[in-house]
Every structure is written in structure tokens, then in C-alpha cells.
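Remarks on the structure that follows.
The values are calculated or read from the model by the stated rules, or taken from the named source; none is laboratory data. Note that the structure is predicted; figures quoted are calculated from it, not measured. Cβ placement follows ideal geometry from the backbone for every residue including glycine, while neighbour counts extend to all protein chains displayed.
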Amino acid sequence: MWDYSDKVKEYFFNPKNAGALADANAVGEVGSLSCGDALKLMLKVNPETDVIEEAKFQTFGCGSAIASSSALTELIIGTTIAEAKTLTNQDIADFLDGLPPEKMHCSVMGQEALHAAVAAYTGEALDEDDHEEGALICKCFGVDAGMIERAIRTNKLTTLEMVTFYTKAGGSCASCREPLEELLADINKEMVAEGAIRPEEAYVFGSAPRPKKKKAQGFVIPDAVPAPMPPAQPSAPIQIAMPAAAAPVAVTEAPASGLSAAKEAILVAKIIEEMRPTFRRDGGDVELVDMEGSLVLVSLVGACSGCQLAASTLGGIAQKITETLGRPVRVMPVAKA
Amino acid sequence: MKDTVLPPVYLDNNATTRVFPEVVEAMLPYFTEQFGNASSIHAFGSEVGGALRQARKSLQQLIGAEFDHEIIFTSGGSESNNTAIRSALLVQPGRDEVITSAVEHPAILTLCDWLEKHEGVTVHRIPVDRLGRLDIDAYRAALSEKTAVVSFMWANNETGTVFPVDGLAELAHEVGALFHTDAVQAVGKLPIDLKSTEIDMLSLSSHKFHGPKGLGALYLRKGTRFRPLLRGGHQERGRRAGTENAPAIIGLGKAAEMALATMAEDSARMAGLRDRLEKGLVQRIGHCFVTGDPHDRLPNTATVAFEYIEGEAILLKLNQAGIAASSGSACTSGSLEPSHVLRAMDIPFTAAHGAIRFSLSRETTVEEIERVLDAMPEIISGLREMSPFWSGDGAQPDGFNPAYA
């Protein structure tokens, strides 16, 4: 069964605003071929103020499709048409405390229904629909076959590396390498037939060079240790900043950064907090659990846990903290207490 | 919906079954007391060897094989299928075509896709009709001197529809091709007597009939040429290397004995409960229908398609009511594709997405069936009220025309 958040379950089992809205004056009807879902969004907009006074939905779809539809209505009731237009599918997913990567299209369907309803109300033409379709290839970054195909065709990509640069697909745990290779080889073959690329340029399945062994990241201190090597920090209790003159002990125990442990902890917490939106975009999350000496303990959830994404992202966090504190730290994932 | 304090109802036995306590009991000593390697010369090993021989004989009885050495133990149905198809291609140089059906399990279809794409094999996928029955004319037309192997499943995992494998095997032999059947859903549920058929190879899996997971077998008719998939030690007469999974094999043997002992009465009872379930659902809930071949299918499988709603939503609500079933819907599978079986049967997408499979076991009771019948109408009507294809008093399939992206 899917790993649905409690909020998704709540909005599925007890959906708000389900059913038909008899006196709707803006209706959006969309369907997604990728899983056969369909959504009818009905709005009652006050023509004087452009405020959405009522919103109801009818959805043919799975648990997360129904929850996303219900969340959408909750988000837009009371907003103006102009405000509603700025709503993104990510807002819907965030409202539900996240969706599994395979289910993000449910929130996309909500956004599309809203755009369709708004267009119906304002009489504007609907934007060219460009949302992604097809089988989900890269689960780490939520990239599907449709997006990869467009990137390959538009940019005439012929190597796996370039596909990863353009789409992020395969850039993390690499478990999608085989389907990615197949897709690239197939599309290149079609492009050769169409005359878009020369036959010798086309990628042939299985011909990718072996991936270079990447240096382990995150769990080891880099070879080039910044000199002089600061002494490893014992797990000192966090010091309350004292007046300098009165606290000689705190000075000698201060880390190489010249900051107190408490200040360091605040900085680290800030760095991690700043990086959280990036994680959430990819369907995961990170939280600071503890900091002991040169060890920063974090908890990873969602798409990050389980995926080998962990190794490289933790490396990224470690690098940023190291730069800020001016001393090497190790970032380790731990189970949340 | 009220929270239930009743024990959960498990109706997903085509996915996997409960290991019977008797099976567990038979297995336990072979983890701790008799842990020897059957290949060893000492007493630790030889005692295990005797138990393995007994288990092999029990399985031989269940599938009606002429000789016990026609059985090769493997890690499961998927390994057996991969072994059989690849072996058949290797032992018949000059023949590079495979015939299979459009409704096989992914353990066959994904392999065939690969062989077609990367190993120069031509694959014929024979279509089925609306009841899931094989198009025999298309099959005859596909057979040729180029056919290396024909692989048709004995019984379909989603609809329970049974293919007439005896006759299909005879047709394959007319052109000199080998015949394999994926009988993972049939073994333990249907009477099987391989020695009276022309089937060359058969795949089975232990955990589909109350044995342990991680174990299966490939039946290989005596005299059939063979190339192993795994090479190494001399286990299974050199046909499948790797130390025998002794506890699991012994568990499988016990499960086979138990299945055979009561198969006739179990089948009749399960079929009665299945019919009661299907009739009850169709009577109490409109706009739904039973899928599969009503005349020839497994006694334990009922797949009912509910129109205008989606399967995962039904399963979540059933789960809340303490009932476990499965669905042919796209959204439960991880891929976004709806069931290839129901699509091959040309079932409209608004119904295919709402198909729910209830698969019974010999442990299923009439009370459990009644609980499903009590719970379903409310679940279905609740979801239909939320469906854009539904409006108050009934279906409105034409009133909703979404813009498909």
C-alpha cells in the first residue's frame, strides 16, 4: 500500500466539498491519460468581487486523487480568481503533507482543473498544456518518460550523462539506469529514422561507459583536510554565551570556528532549515536531530530515506556546514527519536 | 463507516497465502536441529537428504509427474519461468520464436519483451476475447517451424480464467516446439496430472498454496533437453546450482500433501462461496459485472468490475472495513498502467479501473463472504457520489467529457 500521509488519508476518508454544485458559474473538467483519473471542479464565483465563494469536486480516481481534489477546494475557497491562478500543484501536495512521487500527478490534475475553471470564468483561452505524462522513470526526482523524451528530442541528447544534466533523471540512486538507457536508445533510433540525428550519433543500448566510481561523500572526511586540522570536538554540553571575561573555559573549549557550540548549533539549524524546501520539492524532508562535536545528526524522511539519494545529499549538507563553520563536519542520518 | 473489531478478512490469496501451521511445524527442525547440507557425506547431511526426497515425492503426487526427478526446485515462479523460456531457446538452434498470450504474468511478458528487444527473438502474443479466452485460430496461425517454445499460463491470476493447456501443448508439438505453462495459480487449486499430458515444462510457486515464500519448482518432462540458468554445484542433478533451501522445500512438500488431501472438497466449497459472493455483489450493487470465463476458471477467484469508480479508492475503504482484496487498477500497482489483462479483454477503462479481485482460500468462511457483501454497497455508493460519471440517481457517462491532457 502507498505511504500516504495522515492528511491524505483524512481527506480521502472524509473529503470536504465532494459532490455536485448546482449553481456553479465556473467549471473545469480534466482527465489524465497516465492513470485514467478524471476531475470535475465546480466553482461559484462572486462576479462583483471575483471571490470564489463555493467550490466542489467530483473525482474518478484513487485515494490521493480524491484527497488532492478536496485539498484544492479547501485552498481556493475564499480566494480571488487572481489569487487562485497562482496556486501550483506543489501547494496542493504541501497542504496534504506531501504525496508519494508516483502520485504527484494527482496534484497536477487539480491544478489543471483549476486553470480550466478559471479560464471558463474569465473567458481566456487555456494555456497550452505541457504537464508531464508517461511512466515515472526516475523516482528520486519524479521525472517521467514524457519529460525525458521531450528533453532528448528538443536538445538532441545522445548520452546518458546529458539526459541526467537536462532532466535530473538518473542523477541520484541510478536504479532507473536500465529503463533510462532503453528510452534513450529507442528515441534516438526514432530520431535517426526521422533524420534528426546521424546514425553514428545515436545511443546504442548497453554502450554507456561504466559509471566512474564516485568518491564516497558524506560519510568520510575529504582527503584534502583544511590545515591545520582542528582537534575533534568532544561532545561538550551547549554553552550559554557568557561575558567573555568571565568565561575563560568557554573560550578554550570553543570550536575552531571561533563560535560557541550554541552559536554553531543555531547556524547548522539555519542551514538545514534553508535546505528543507529543496528536499520537499523532491518529495522528502530533512530535520536536524542533534549535534555532537563534528557529528551532525539528521533524520531523513519521505523520498530521501531508502533512496541512495541520502549519500549525495548528506554530502551537500556537510559541505555547506563545513564552509560556514570553517571546520569539517560529518552528517549522519539517524532514525528520528 | 464503523470501526470493526472483527478479525480481518483476507481475500487476496492469489497474491500470497498464509503458511499453514502444520507447514511451519514441518519446517522448523530443519533450521536448527537438522541444519546439515544435503550434499554432505555425514549424518547431518544425509538426514536432510531423506526429507528432501520425501518432499519431492509429495510435490510429484500433487502435479501427477511420472518421475520425481522431473522436478527442479527453484527460488520461485519467476525463476522457473525465466529458466524454462531461456532453456527452450538455447536447446533449439534455428528456432527463435516464442508464442505466448497477451494476458500472461509479468514474469513471462517482461522476459519476452527483453528477448524481443535485445536478443533477436520474435514474440507472438496471442490475444484473448472479452471473457479472457485464448484466440485459438491466432495461435494456430502463429505456430511454425521457427517456434522454439510456446508458453501459456494454466490459470490467469487476475480473472482465474483457465486455458486448455493440454490441447495447446499438443498443437505446439505438431510443429516440434516445446510447451511450457506458468501454472503458479493452478497448482494446488486444480487437479493436475502431468503424465497424461504433453506438457514439457511447468512452473509453480510454493507460497500460492500455503507453503513458504522464496521457493518454487520447474517441472521438466524426462527427456526434454535443458540448459540451466544457474551454473555451479551439482544440486538438482546439475540443473539448478545452489544449496537446496531445505526448510522451504520440506514446507512445500507438506503444503503439497495438504492441498492434495482435500482438494476436491475445498474446490467445491470455494466455488460455492465465490458464486455466492459474485451473485450477491451483482444483485446488491448496480453497474458492475463479473470478469473472466464463467465456464472454465479457478474456483477461488472472483474479479468484479465496478463502473465509474476507481479500484484503489475501493481497496482503501475495504481495508478500513478490515477486508483485504486487490485491484486491476493502475494506481495500486506502482506503474501507472491499468491491468494489461483487463485491457486485453477489451473491458472499458471506466470499468477496468474499478475492478476488484477477491481471491479465496480453503480457509475462507461464509461469514467472511457475508461481511464483504454487507460492506461493499455503502463503499461503492459513497465513491460513486463523488464520481463525475455519476449523478444522484444513476450513471451519467455522457454528461462528463473531460479534456484529456
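Kindly indicate the residue of the stretch B:343-366 that is in a helix (DSSP H, G or I) and more than 17 Å from B:Asn13 (Cβ to Cβ) and also farthest from the other protein chains (Cβ to nearest Cβ) among those meeting that condition.
B:Ala344
Looking only at the stretch A:62-84, which residues are in a loop (DSSP other than H, G, I, E, B) and more than 23 Å from the chain's Cα centre (by Cα)?
If the condition is that a residue be in a loop (DSSP other than H, G, I, E, B) and more than 23 Å from the chain's Cα centre (by Cα), then A:Ile77, A:Gly78, A:Thr79 are the ones that fit.
Condition first: part of a helix (DSSP H, G or I), within 14 Å of another protein chain (Cβ to nearest Cβ) and at negative phi. Can you find one or more residues in the stretch B:254-262 that meet it?
No, because not a single residue in the stretch B:254-262 is part of a helix (DSSP H, G or I), within 14 Å of another protein chain (Cβ to nearest Cβ) and at negative phi.
Would you check if A:Pro47 is at the interface with chain B (Cβ under 10 Å from one of its Cβ atoms), at pLDDT 90 or above and part of a loop (DSSP other than H, G, I, E, B)?
No; evaluated as a whole, the condition is false for this residue.
Could you check the stretch A:165-184 and list, in sequence order, the residues that are assigned to a helix (DSSP H, G or I) and crowded, with 20+ Cβ neighbours inside 10 Å?
A:Thr167, A:Leu180, A:Leu183, A:Leu184
Provide a single number: the residues in the stretch A:18-36 that are at pLDDT 80 or above and either facing chain B (nearest Cβ under 7 Å) or within 28 Å of the chain's Cα centre (by Cα) (or both).
6
Restricting to the stretch B:274-318, what's the tally of residues that are within 14 Å of another protein chain (Cβ to nearest Cβ), touching a Ser or Thr at 6+ places or on another chain (Cβ under 8 Å) and either in contact (Cβ under 8 Å) with a residue 60 or more places away in the chain or assigned to a loop (DSSP other than H, G, I, E, B) (or both)?
5
Regarding B:Met258, is this residue closer than 22 Å to B:Gly214 by Cβ and modelled with pLDDT of 95 or more?
Judged against the criteria, B:Met258 is a match.
Tell me the residue from B:Arg371, B:Arg343 that is among the basic types (Lys, Arg), farther than 27 Å from A:Lys56 by Cβ and modelled with pLDDT of 95 or more, please.
B:Arg371
Working only within the stretch A:261-277, note down all residues that are in contact (Cβ under 8 Å) with a residue 24 or more places away in the chain, more than 25 Å from A:Gly98 (Cα to Cα) and among the hydrophobic types (A, V, I, L, M, F, W, C).
A:Ala261, A:Ala262, A:Ala265, A:Leu267
Failed condition for B:Met376, given (1) at pLDDT 95 or above; (2) under 24 Å from the mean Cα position of the chain (by Cα); (3) crowded, with 23+ Cβ neighbours inside 10 Å, with all others met?
If we test B:Met376 against (1) at pLDDT 95 or above; (2) under 24 Å from the mean Cα position of the chain (by Cα); (3) crowded, with 23+ Cβ neighbours inside 10 Å, just (2) comes out false.
What is the number of the single condition among (1) among the aromatic types (Phe, Trp, Tyr); (2) within 12 Å of another protein chain (Cβ to nearest Cβ); (3) within 25 Å of the chain's Cα centre (by Cα) that A:Phe13 does not meet?
With (1) among the aromatic types (Phe, Trp, Tyr); (2) within 12 Å of another protein chain (Cβ to nearest Cβ); (3) within 25 Å of the chain's Cα centre (by Cα) applied to A:Phe13, the lone miss is (3).
Could you say whether any residue in the stretch B:30-40 is in a helix (DSSP H, G or I), touching a helix residue (DSSP H, G or I) at 6+ places or on another chain (Cβ under 7 Å) and surrounded by 11 or more Cβ atoms within 10 Å (Cβ to Cβ)?
yes
A quick yes/no check of all residues on (1) surrounded by fewer than 17 Cβ atoms within 10 Å (Cβ to Cβ); (2) within 30 Å of A:Val301 (Cα to Cα); (3) in contact with a Cys (Cβ under 6 Å, 6 or more places away or on another chain); (4) within 14 Å of chain B (Cβ to nearest Cβ):
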residue	(1), (2), (3), (4)
A:Thr59	no, yes, no, yes
A:Ser69	no, yes, no, yes
A:Ile81	no, no, no, no
A:Thr88	yes, yes, no, no
A:Pro100	no, yes, no, yes
A:Gly110	no, yes, no, yes
A:Ala117	no, no, no, yes
